[in-house]
Amino acid sequence: MKPSVVGKPGGELSSQRTRGRFGRSMVLLLLGLGLVGLAPPLYLLQTGGALTTGYNIQRLQQERATWILRNQQLEAEISKAHSLAWVEHEAVYRLGMQRPAQQTTVQMNVPPPSTTVARMPSRESSMPVTVLTPPATNDDPSVFADLASAVGNLMNGP
Amino acid sequence: MRRRPGVSAVYLPVLEHDKYTEAASEAHQRTIQVPARRGSIYDANGNPLALTVQLDALTAIGKEVNKPDVMAQALSPLLEMTPPEILAKIDPNRSDPVTIKDHLTAGVSDAIDAEIERSQLQGLNLEARPVREYPEGSLAPQVLGFIGTDRDGLAGLEYSMEDELRGAAGQIDTEIDITRQELILARRVVNPARDGSDLVLTLDRFVQRTIERELAEAVRANKASGGMIMVMEPSTGAILGMANSPSFSVADPMVINPGDQAIHKAAAVTNQYEPGSVMKLVTMSGALDRGLVTPSTVVMDSGIISFPGAKGKPPTTIRNWDLSAHGPLTATQVLIFSNNVGIYQVAEKLGRDDLYKYLNLFGFGQKTGVQLPGEVPGTVRTPEDPGWSVVDMATNALGQGIAVTPLQMLNAISTIGNDGVMMRPTLIREIIRPDGVERVEPQAVRKVISPQAAQTLRGMMVAVMEQPANLANQIPGIRVADKTGTADFPTDLGYTSGKTFASVVALIPADRPRLAILIRLDAPAAIYGGTVASPVLKRVGIELAAYYRIPSSADSR
């Protein structure tokens, strides 16, 4: 049997569907409009933020450059203060030092340093220094040892 | 020509596209050159000898200066200038900046900045400018050289090592806004700047300062027209010091005067001279190396050598410097008395070809290859040259008629000190580049004489030094091998009388030489090397032996 066609209920359904679709479209449209409306301020916000950051970076780079510059200037001044010319100037004019009129050379009767120690130094800081360790002897007892011995003798009696 | 709008709409964006695109780019794009930092120069111990720093300069725009009197009073103590001096630099009609004072130190610059802020001074500006600073003052000016206002090296190592020191400028592409401010986000580094390389020299500031001081004193005391002291390390060829007089100051701002070029040159390599009796060491070393003489070999000093003149010309005679005749002399005594007739007999034993072979082996007539600009090879006339005669051989053997550079002479002596192995002289120990360090290793050039010959010759030189006449010039506790030389100034008409190059070369200590030294005084009042140069050697030797902790010679007197 062929089903009967009912006009009204079917029309209401269609109308409801149409209204629903329209409503969704309106929401989407409004949403879209809202997004489009928000885009320029967001873009401006983003650009402004980036620009501010950029100028901050620029300012910090300038500050860094200034400090590097100042550091180099101070290093140059320190180098001048370490120079032999300055040391000599201070020694002569401020401290009144003079070159010795006579030099005395003391010749020590010790074997010369080994070849490795006597090589030409490459840097002042790495200049080889011969450290002579005196041999351990008991020939010369200390004052404290003498005192301890004397006290011991007193305690023990003659 | 006016175009219709439709035509313009096509014409401008399509046909003239490139032109207008370029114009638009030019309007907002900018290229910034980033200057490279010029490399620094250090001595062997890392002490800076030349640095590039940005130092502030105080400039004033006269039209904008609001309180000139207040400004002059406030800045006077900081600038170390009187108020009238400051005011004289400010022209109220000028709108371009005028420098009041440059080379301001960091402390002074800060104080001026604070004063400008405090007193609300307008029209003043602190501007950073690159400056070549010399922390040690004017040390080794002929070696370091100097740069010009365009920052390019003009002399010395500043010139010869320009490619290393200069670096390469960088480039930044950026954009500007309508207020002509840079858009920092648009900044794009196209080429980063590459800073110049730093040079670490073999020069030691203490050695350099010592020899400069002693040279200045020696020139003054001996009324000489100039002079030179050089110190080298025989085992490496490293030049530890190179002083020249007359000199100049790199620390002072200067205007180049063409007449001053002679003192700007590194005379150790650009000027040649006749070395005199110092050359007898070369002749003797060749004969020792060939086994033709020993220290005790006897030659006969008749006091005169005579060479027949060519084509009716009078004969040429060579006499001893003191016009004496000693009779039989050992080879050692030939050096002790600096005997001209004796050394000619040694040269005769050696033979013409071998004498020039050894002159060649010792590097005379060739450039040493040191890093200084303008080096000359010297002048050696050989038997192959036209006009050469046996008289040339006689004079060359005793150090006349041959021209050498001081560095060649020092290198020859250094070779004797290095047991006969010649090293290439060098002034540079390291090149510090942004991408790594290149170490300049000691470079052996060739073996010139045998170690035995070198040691024997040093023993003969010690005998020269230890003569009673030299007692006052000995360095206490240290055996020194030395030889003096006195050479007449050559002129167009022959040799002048009364003007000499008085020199001495030495190896310290004689047994295992660590220092080779050449001292030369030009036209001193007392003409002989032994009289004027040997006392300088003693003073320099004492200082350097203490500095390098050279141990006393075991059997020294």
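The values are calculated or read from the model by the stated rules, or taken from the named source; none is laboratory data. Just so you know, these numbers come straight off a predicted model, no measurement behind them. Counting neighbours? That spans all protein chains shown, and the Cβs are built from the backbone with ideal geometry, glycine included. Just so you know, the surface numbers come from the protein's heavy atoms only, side chains and all, with ligands and any DNA or RNA stripped out. Shrake-Rupley method; radii C 1.70, N 1.55, O 1.52, S 1.80 Å.
Remarks
- Flag for residue B:165 being within 14 Å of another protein chain (Cβ to nearest Cβ), over 29 Å from residue B:100 (Cβ atoms) and open to solvent by less than 60 Å² (accessible area, probe 1.4 Å): no
- Residue within region B:100-116 that is assigned to a loop (DSSP other than H, G, I, E, B), away from every other protein chain (no Cβ under 13 Å) and touching a residue at least 24 places away in the same chain (Cβ under 8 Å) present: no
- Per-region count, region B:510-529, residues closer than 23 Å to residue B:415 by Cα and surrounded by fewer than 24 Cβ atoms within 10 Å (Cβ to Cβ): 4
Conditions tested, residue by residue: (1) open to solvent by less than 20 Å² (accessible area, probe 1.4 Å); (2) in a helix (DSSP H, G or I).
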{"site": "B:187", "(1), (2)": "no, no"}
{"site": "B:190", "(1), (2)": "no, no"}
{"site": "B:196", "(1), (2)": "yes, no"}
{"site": "B:200", "(1), (2)": "yes, no"}
{"site": "B:209", "(1), (2)": "no, yes"}
{"site": "B:214", "(1), (2)": "yes, yes"}
{"site": "B:217", "(1), (2)": "no, yes"}
{"site": "B:227", "(1), (2)": "yes, no"}
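- Unique match (being more than 14 Å from chain B (Cβ to nearest Cβ) and surrounded by 10 or more Cβ atoms within 10 Å (Cβ to Cβ)) among A:84, A:95, A:51, A:28: A:28
- Any hit, region B:126-146, residues being more than 14 Å from chain A (Cβ to nearest Cβ), open to solvent by 30 Å² or more (accessible area, probe 1.4 Å) and either more than 26 Å from residue B:266 (Cα to Cα) or β-branched (Val, Ile, Thr) (or both): no
- If you filter region B:409-426 down to residues that are farther than 16 Å from residue B:515 by Cβ and of a type in the set (A, V, I, L, M), you find that the one that is farthest from the other protein chains (Cβ to nearest Cβ) is B:422.
- Considering region B:16-49, the residues that are open to solvent by less than 60 Å² (accessible area, probe 1.4 Å) and acidic (Asp, Glu) include one that is farthest from residue B:138 (Cα to Cα), namely B:16.
- Checked across region B:81-91, the condition of being open to solvent by less than 40 Å² (accessible area, probe 1.4 Å), touching a Lys or Arg at 6+ places or on another chain (Cβ under 8 Å) and not assigned by TED's automatic domain parsing to the domain that holds residue B:194 holds for at least one residue.
- Residues satisfying the stated conditions in region A:54-81, i.e. closer than 19 Å to residue B:105 by Cβ and surrounded by 13 or more Cβ atoms within 10 Å (Cβ to Cβ): A:69, A:70, A:72, A:73, A:74, A:75, A:76, A:77, A:79, A:80
- Of all residues in region B:454-483, exactly one satisfies the criterion of being polar (S, T, N, Q), farther than 22 Å from residue A:106 by Cβ and not in a helix (DSSP H, G or I), namely B:467.
- One residue alone among B:395, B:382, B:368 is more than 22 Å from residue B:290 (Cβ to Cβ) and either assigned by TED's automatic domain parsing to the domain that holds residue B:306 or open to solvent by 50 Å² or more (accessible area, probe 1.4 Å) (or both), and that residue is B:368.
- Any chance residue B:478 is within 24 Å of residue B:225 (Cβ to Cβ), of a type outside the set (S, T, N, Q), in the same structural domain as residue B:279 (by TED's automatic domain parsing) and open to solvent by less than 40 Å² (accessible area, probe 1.4 Å): no
- Selection count where residues are hydrophobic (A, V, I, L, M, F, W, C), more than 39 Å from the chain's Cα centre (by Cα) and within 12 Å of chain A (Cβ to nearest Cβ), scope region B:172-196: 4
- Qualifying residue in region B:292-300 (condition: out of contact with any Ser or Thr (no Cβ under 9 Å at 6 or more places or on another chain) and not aliphatic (A, V, I, L, M)): no
- Of all residues in region A:54-81 being more than 10 Å from chain B (Cβ to nearest Cβ) and modelled with pLDDT of 90 or more, the one that is farthest from residue B:126 (Cα to Cα): A:60
- Region B:50-79: number of residues that are crowded, with 22+ Cβ neighbours inside 10 Å and more than 9 Å from chain A (Cβ to nearest Cβ): 6
- Top-ranked residue of region B:313-366 - restricted to ones that are in a helix (DSSP H, G or I) and among the hydroxyl-bearing types (Ser, Thr, Tyr), ranked as nearest to residue B:460 (Cα to Cα): B:332
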